[in-house]
Amino acid sequence: MDQISPKLLIPQSFLVNRDDVTSQLGLMWELIKAPLLVPMLKLSVYICLGMALMLFMERVYMGIVIVLVKLFWKKPEERYKFVPIEDDEEHGSSNFPVVLVQIPMFNEKEVYKISIGAACGLSWPSDRLVIQVLDDSTDSAIKSMVEQECQRWASKGINITYQIRENRTGYKAGALKEGLKRSYVKHCEYVAIIDADFRPDPDFLRKSIPFLDHNPDIALVQARWRFVNADECLLTRMQEMSLDYHFTVEQEVGSATHAFFGFNGTAGIWRIAAINEAGGWKDRTTVEDMDLAVRASLRGWKFLYLGDLQVKSELPSTFKAFRFQQHRWSCGPANLFRKMVWEIITNKKVRFWKKVYVIYSFFFVRKIIAHMVTFFFYCVVLPLTILVPEVKVPIWGSVYIPSIITILNSVGTPRSIHLLFYWILFENVMSLHRTKATLIGLFETGRANEWVVTEKLGDVANKVAEANKNKTNSKAIKRYRSKFTDRLNTLELGFSAFLFLCGCFDFMYGKNNYFIYLWLQTITFFITGIGYVGTII
């Protein structure tokens, strides 16, 4: 049988240039680009444009509603019955409901005094207030300090109990659930949850409890977070911009239109009966707060957000701590959506439009689409279209829509408007981790149930910043500087290199001038890759 000629299988051009490796690679690229890469990239562009339009319409809808809320909606005191609870000389403090305050903590060496002191300083009759310190610490020295702090306040007549567990089963959800099992809790009507780095003002309960006391259909009153260390470094400023939009727009809109929003896990007061009816705390995801909120909402309970009631708190000031927090906040909702979507669809107790809001707006667009479109479109697909010029991205998708979305996202923090452009670049970097965490949660793989407590520095961070300014305490400053190799993030550095090469290609051969954005994005990925975004200033 005659031997088959290689010319029948290999194009003639390959044979002519078989000694030129560069030419061969170029020809291979051309051979696979037209039949394979171009159709796949075009499909990716269409999908990303669809997701961008979904996010755009969601942001416009939220913007319109928040304007209407601010202009025409009645204030919470007018929409709901609100009668301040006053001291009564005849009946004493008996007209005050008994309130349980739970303070979950885990090795909170720097901040445990903050939350305990704030809880003990609440302006509420001492005989109608029960404070639980739920300490899951594994460090015996920290346990001893926390217990001594509780004993110190107890000696002043405060009804405070120190509670520990033999294991950390269920993490925070497990600790809160265990705390509600105590016999004395049956006398409490409401429970306020205060994380270890939160410090409510003395009138916190007096401004929130009346809404629960006089409106039996309200299960939760959520206060707004106010950040004491927002000016600590560039990282905290970026976080403030993201979270201010969440509180100023998302929580406000959810409360005003559907009386539903995600519980933020702290700085909120629950009706204990609503917690019990919803099935109590569950540890099936890393967002036990959101899990409880969705289950309570499906049973017809209403939530109220008070934007004027603010509780001081602390933002993560190291990039490592921030990444762990964002993994939990992105993975948990996606995993919860996977577990509850069918239960929401088949629920009979809530209106159809509320179910649409919860499934589409609350979960699908905000918790899944928002992360994915930011990463895939602006960090992967758009740069790849530079290497494959046959694929075009319309200017409305690459420029106009993201610009409008960014402007709408910035309304929560007008004081940081000058940081808006860098905030966009930083959010694109974080979308890498959020998308990864979202996929892990959706498919429930790997780190789906990983729980890492966010590191807090408390007042120590302020002291270090002050020492840095005064140049008087170099030892304190060094304490918060980790080794360079420990700060390296290879994933960010890899994307930095990819975007830099795409930018160079666009500079030499492209026509859209994307290289300006790509090089700026390269710098941002590189800065986070070497771990300097959270440097204390």
Out of (1) surrounded by 18 or more Cβ atoms within 10 Å (Cβ to Cβ); (2) at pLDDT below 95, the one Phe82 does not meet is (1)
Name the one entry in Ser313, Ser330, Ser317 that is buried (at least 20 other Cβ atoms within 10 Å of the Cβ) and out of contact with any Phe, Trp or Tyr (no Cβ under 9 Å at 6 or more places or on another chain). Ser330
Kindly list the number of the only condition in (1) free of Cβ contacts under 8 Å to residues at least 40 places away in the same chain; (2) surrounded by 14 or more Cβ atoms within 10 Å (Cβ to Cβ) that fails for Ser94. (2)
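Just to confirm my filter: which helices (runs of 4 or more DSSP H) fall fully inside the range 97-188 and include at least 3 residues that are more than 17 Å from Trp270 (Cβ to Cβ) and either free of Cβ contacts under 8 Å to residues at least 24 places away in the same chain or among the hydroxyl-bearing types (Ser, Thr, Tyr) (or both)?
140-154
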Yes/no for Thr435 being touching a residue at least 24 places away in the same chain (Cβ under 8 Å), touching a helix residue (DSSP H, G or I) at 6+ places or on another chain (Cβ under 7 Å), open to solvent by less than 50 Å² (accessible area, probe 1.4 Å) and part of a helix (DSSP H, G or I): yes
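For every residue, the table says whether it meets (1) of a type outside the set (A, V, I, L, M); (2) closer than 23 Å to Met57 by Cα; (3) not in a helix (DSSP H, G or I).
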| residue | (1), (2), (3) |
| --- | --- |
| Val381 | no, yes, no |
| Ile386 | no, no, no |
| Glu390 | yes, no, yes |
| Val393 | no, yes, yes |
| Ile401 | no, yes, no |
| Ile405 | no, yes, no |
| Leu408 | no, yes, no |
| Arg415 | yes, no, no |
| His418 | yes, no, no |
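Here's the yes/no breakdown for (1) in contact (Cβ under 8 Å) with a residue 12 or more places away in the chain; (2) hydrophobic (A, V, I, L, M, F, W, C); (3) open to solvent by less than 20 Å² (accessible area, probe 1.4 Å); (4) part of a helix (DSSP H, G or I):
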| site | (1), (2), (3), (4) |
| --- | --- |
| Val341 | yes, yes, no, yes |
| Ser361 | yes, no, yes, yes |
| Val373 | yes, yes, yes, yes |
| Phe376 | yes, yes, no, yes |
Which of the residues that make up the range 182-224 are in contact with a helix residue (DSSP H, G or I) (Cβ under 9 Å, 6 or more places away or on another chain) and of a type in the set (Asp, Glu)? Glu189, Asp195, Asp197, Asp201
Tell me whether the range 483-496 contains one or more residues that are part of a loop (DSSP other than H, G, I, E, B), open to solvent by 40 Å² or more (accessible area, probe 1.4 Å), hydrophobic (A, V, I, L, M, F, W, C) and at pLDDT 65 or above. yes
May I ask you to say which residue of Glu232, Glu252 is among the acidic types (Asp, Glu) and either touching a Lys or Arg at 6+ places or on another chain (Cβ under 8 Å) or closer than 21 Å to Lys70 by Cβ (or both)? Glu252
I'm trying to understand the selection: among the residues of the range 195-240, which are out of contact with any strand residue (DSSP E or B) (no Cβ under 9 Å at 6 or more places or on another chain), surrounded by fewer than 23 Cβ atoms within 10 Å (Cβ to Cβ) and not in a loop (DSSP other than H, G, I, E, B)? Arg206, Pro210, His214, Leu234, Arg237
Could you tell me whether any residue of the range 131-140 is farther than 24 Å from Leu315 by Cα, open to solvent by 10 Å² or more (accessible area, probe 1.4 Å) and out of contact with any Cys (no Cβ under 6 Å at 6 or more places or on another chain)? yes
Here the residues within the range 276-325 that are more than 24 Å from Gln239 (Cβ to Cβ) and among the basic types (Lys, Arg) are Lys282, Arg284, Arg295, Arg299, Lys302
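Does the range 183-192 contain at least one residue that is open to solvent by 30 Å² or more (accessible area, probe 1.4 Å), at pLDDT 95 or above and under 24 Å from Met290 (Cβ atoms)? Show your work before the answer.
Narrowing the range 183-192 to residues open to solvent by 30 Å² or more (accessible area, probe 1.4 Å): 183-184, 186-187, 189.
Now restrict to residues that are at pLDDT 95 or above: 189.
Going one step further and asking which of them are under 24 Å from Met290 (Cβ atoms), we end up with 189.
Taking every residue of the range 183-192 in turn, at least one turns out to be open to solvent by 30 Å² or more (accessible area, probe 1.4 Å), at pLDDT 95 or above and under 24 Å from Met290 (Cβ atoms).
Yes/no matrix, rows are residues, columns are (1) modelled with pLDDT under 95; (2) of a type outside the set (A, V, I, L, M):
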{"residue": "Ile218", "(1), (2)": "no, no"}
{"residue": "Cys233", "(1), (2)": "yes, yes"}
{"residue": "Ile269", "(1), (2)": "no, no"}
{"residue": "Ala293", "(1), (2)": "no, no"}
{"residue": "Ser297", "(1), (2)": "no, yes"}
Starting from residues that are among the hydrophobic types (A, V, I, L, M, F, W, C) and assigned to a loop (DSSP other than H, G, I, E, B), keep the ones in the range 241-277 and report whichever is farthest from Leu408 (Cα to Cα). Ala267
Of the conditions (1) modelled with pLDDT under 95; (2) touching a Ser or Thr at 6+ places or on another chain (Cβ under 6 Å); (3) among the β-branched types (Val, Ile, Thr), Thr522 clears all except one; give me its number. (1)
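Identify all residues within the range 378-397 that are open to solvent by 20 Å² or more (accessible area, probe 1.4 Å) and under 18 Å from Met54 (Cα atoms); write none if there are none. Don't jump to the end; show me each part of the working.
Initially, the range 378-397 is screened for residues open to solvent by 20 Å² or more (accessible area, probe 1.4 Å), giving 378, 380, 384, 387, 389-390, 392-396.
Within the range 378-397, Tyr378, Val393, Pro394, Ile395, Trp396 qualify.
The values are calculated or read from the model by the stated rules, or taken from the named source; none is laboratory data. The model shown is predicted, which means the values in this text are computed figures rather than measured ones. Ideal geometry is used to build each Cβ from the backbone, glycine not excepted, and the neighbour counts take in all protein chains shown. The protein model used for the area step is the full one, side chains on, heavy atoms only, and it has no ligands, DNA or RNA in it. Shrake-Rupley method; radii C 1.70, N 1.55, O 1.52, S 1.80 Å.
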